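S.K.: After the structure tokens below, expect a handful of questions from me.
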Amino acid sequence: MKATVLVRPKSGILDPQGQAVESALEHLGFTVSAARVGKVIDLEVDASDAATARAQVEQMCERLLANPLIESYEIDVRA
Amino acid sequence: MAVPQPRIGVVMYPGSNDDHDALWALAALDAEAIPVWHEQPELPALDAVVLPGGFSYGDYLRCGAIARFSPATAAVREFAQAGGLVLGICNGFQILCEAGLLPGVLLQNDSLQFICRDVRLTVERDDLPFTARCARGQELVIPVKHGDGRWFAPPQLLAELEAKRQVVLRYAEPCNGSVDDVAGVCNERGNVMGLMPHPEHAVDPLLGSADGALILASLVEAARERAVALA
């Protein structure tokens, strides 16, 4: 199974990288606000069904991929 | 009877780069400084452990996030849980936070810039094995050099830590965006401490300040007391 994890800075956490991206986009003439920068982690998981794969990836997020103090995550699993 | 030299280990991770400075500074302060390779699943007989600065495992994912799975880190965790003295400097502080041995987390500096300069710090605790040679309220000048030194804890956790007096050092002026200007914290038991500034780079006046020696000599002295107690 393939899985994609989206890790985001939690709301309320100062994201200076997002602010820098926002200001660079404004320099290019775009009108944007509230830019936030996170991470994408693509995985191939050895699991027979989506539910098992998701349960494994949740464990990975809790134990390594995200720090719950500052980050939230979303998991997408597909065949 | 001769006073024993305390044995203080310095863990060397792939990407550590202040390990030799820490070994040198501890030896200069009359400790037996012992390198500990990150693959060692057991620590040698030690009276204290230092996790040094650097960029362990390339700082991949988050600073310190990978190093916490090293065999040596597991051994350091056991050592700390048994009451052993553990000091994390810079990347070592980040590793201790990621490992859950210290509260909070270190984020990218609010300026997005790597900060490399002397900073003024205020000592909040002088009753710890790491600060016994300092006085509460004393100002120390010690260099920082980090890109990810913005210590953060959510408001409720921060309030708990302040109430339990776990903030040991604060920047005397804003440095990297840390909440409450926190520069160093300890665990509740007071045997594990982490700080972003580098005391090992400030043990000789020739290097601009010897204030770092107050922290490291406190550690050496506390480790010596433990060595004497065990002898």
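All of the numbers you see were taken from the coordinates with simple rules; none came from a lab. It should be emphasised that the depicted structure is a prediction, and the values quoted were computed from it without experimental measurement. Methodologically, a virtual Cβ is constructed for each residue, glycine included, from the backbone with ideal geometry; neighbour enumeration extends over all protein chains shown.
S.K.: Check the range A:47-55 and report whether any residue there is surrounded by 12 or more Cβ atoms within 10 Å (Cβ to Cβ) and within 30 Å of B:Gln156 (Cα to Cα).
M.R.: Taking every residue of the range A:47-55 in turn, at least one turns out to be surrounded by 12 or more Cβ atoms within 10 Å (Cβ to Cβ) and within 30 Å of B:Gln156 (Cα to Cα).
S.K.: Can you name the helices (runs of 4 or more DSSP H) wholly within the range B:1-108 that have at least 1 residues being more than 14 Å from chain A (Cβ to nearest Cβ), in contact with a Cys (Cβ under 9 Å, 6 or more places away or on another chain) and not hydrophobic (A, V, I, L, M, F, W, C)?
M.R.: B:91-98
A quick yes/no check of all residues on (1) assigned to a helix (DSSP H, G or I); (2) farther than 24 Å from B:Ala217 by Cβ; (3) without any contact (Cβ under 8 Å) to a residue 24 or more places away in the chain:
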| residue | (1), (2), (3) |
| --- | --- |
| B:Ser111 | no, yes, no |
| B:Asp126 | no, no, yes |
| B:Arg136 | no, no, yes |
| B:Asp148 | no, yes, no |
| B:Trp151 | no, yes, no |
| B:Gly190 | no, no, no |
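S.K.: Right, something else. Write out, first by first residue and then by second, each pair whose Cβ atoms fall under 8 Å of each other, whose residues are 6+ apart or on separate chains, and whose first residue, in the range A:1-26, is under 24 Å from B:Trp151 (Cβ atoms) while the second is surrounded by 15 or more Cβ atoms within 10 Å (Cβ to Cβ) and basic (Lys, Arg).
M.R.: A:Val7/A:Lys39; A:Arg8/A:Arg36; A:Pro9/A:Arg36; A:Leu14/B:Arg150; A:Asp15/A:Arg36; A:Gly18/A:Arg36
S.K.: Next question. Could you say which residue among A:Ala66, A:Ala51, A:Ala34, A:Ala47 is out of contact with any helix residue (DSSP H, G or I) (no Cβ under 7 Å at 6 or more places or on another chain), away from chain B (no Cβ under 11 Å) and within 30 Å of B:Gly100 (Cα to Cα)?
M.R.: A:Ala51
S.K.: So which of B:Ala132, B:Ala202 ends up being of a type in the set (Gly, Ala, Ser), crowded, with 19+ Cβ neighbours inside 10 Å and out of contact with any Lys or Arg (no Cβ under 6 Å at 6 or more places or on another chain)?
M.R.: Result of the check over B:Ala132, B:Ala202: B:Ala202.
S.K.: I need the full set of residues from the range B:208-231 which are among the polar types (S, T, N, Q) and part of a helix (DSSP H, G or I), in order please.
M.R.: Within the range B:208-231, B:Ser218 is the sole residue that qualifies.
S.K.: Under the condition of being within 14 Å of another protein chain (Cβ to nearest Cβ) and of a type in the set (S, T, N, Q), which residue from the range B:109-128 is surrounded by the fewest Cβ atoms within 10 Å (Cβ to Cβ)?
M.R.: B:Gln113
S.K.: Which residues, taken from the range B:153-165, are more than 14 Å from chain A (Cβ to nearest Cβ) and not in a loop (DSSP other than H, G, I, E, B)?
M.R.: B:Ala159, B:Glu162, B:Ala163
S.K.: Here's another thing I want to ask about it. Right, B:His20: without any contact (Cβ under 8 Å) to a residue 12 or more places away in the chain and surrounded by fewer than 21 Cβ atoms within 10 Å (Cβ to Cβ) or not?
M.R.: So B:His20 fits the description; yes.
S.K.: Could you tell me which residue of the range A:1-40 is surrounded by the most Cβ atoms within 10 Å (Cβ to Cβ), considering only residues that are charged (D, E, K, R) and under 27 Å from B:Val179 (Cα atoms)?
M.R.: A:Asp15
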